[in-house]
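The values are calculated or read from the model by the stated rules, or taken from the named source; none is laboratory data. Keep in mind the model is a prediction, meaning the values are calculated, not measured. Every residue, glycine as well, gets a Cβ built from its backbone with ideal geometry; the counts of neighbours run over all protein chains shown. These area figures cover heavy atoms from the full protein model, side chains too; ligands, DNA and RNA do not enter into them. Shrake-Rupley method; radii C 1.70, N 1.55, O 1.52, S 1.80 Å.
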Amino acid sequence: MPGEPYSAQIARTTVRSVLHAHRLDPLAPAAVQVTGELIAAAWHLDPGRSLYLAVRYREDSLRLTVYDGHASHAHPRLAAHCEARRRAALRVMAAVVRDCDGAWGFGESREPGGGTRTWATLPVSGAARYLSA
């Protein structure tokens, strides 16, 4: 998808539709929130470049992965600053993932173009109870 501010809305709508098509609607509130945060952070850290979103459901977990073109820095201080900036941009997402008993992280992309891969895993049980009173 394009690396533009509106891409987060496109990704959220797509994820909601895909989950509905597969009768996974209870996962939608958490998954949509995480998707929006992943795309927004990727766009903010590497504006204008294409983003790639992967959604996978396996073994009672939903895995959302975003690939962006922002490559790792060779200088240790720049790399640490960039990592801190990415973590700060994903604070809301981290809280949602934690509330769902999930996990998240980021690292170098294994894709041919390089860049960064940021992912979040939401267990069905945790994501289904997200936002429930």
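For ARG98, ARG12, ARG117, give the ranking by accessible area with the largest first, probe 1.4 Å. Don't skip to the answer; put the middle values down first.
Working: ARG98 155, ARG12 75, ARG117 40 Å².
Ranked list, largest accessible area first: ARG98, ARG12, ARG117.
Out of residues 5 or more away from GLY3 or on other chains, whose amide H comes under 5 Å of its own, with H placed 1.01 Å from N in the peptide plane?
GLY48, ARG49, SER50, LEU51
Hey, can you rank 36-49, 119-132 by average C-beta count inside 10 Å, highest first? Walk me through the numbers before you get to the answer.
Numbers: 36-49: 20.5, 119-132: 18.6.
Per-residue Cβ counts within 10 Å, averaged per peptide and sorted highest first, yield 36-49, 119-132.
In region 9-133, if every C-alpha pair distance is counted and binned at 5 Å from zero, what percent goes to each bin?
Percent of pairs per bin, in order: 2, 11, 22, 23, 19, 12, 7, 3, 1, 0.
Where nothing but the Cβ of Lys and Arg (+1) and of Asp and Glu (-1) is charged, how large is the charge dipole of the chain around its Cα centre, in debye to the nearest 20? Provide the component values of the computation, followed by the final result.
Values: 16 positive and 12 negative charges, 18 e Å.
Once rounded to the nearest 20, the dipole reads 80 debye.
If you average the alpha carbon positions of region 32-66 and of region 1-17, how far apart do those two centres end up, in angstrom?
Centre-to-centre distance over Cα atoms comes out at 9 Å.
How large is the convex hull of the C-alpha atoms of region 40-91 per residue, in Å³? Can you show the working numbers first?
Numbers: hull volume 5.1 nm³, N = 52.
With only Cα atoms used, region 40-91 gives 99 Å³ per residue.
Tell me the accessible surface of GLU108 in square angstrom (1.4 angstrom probe, heavy atoms of protein chains only), to the nearest ten.
Approximately 130 Å² for this residue.
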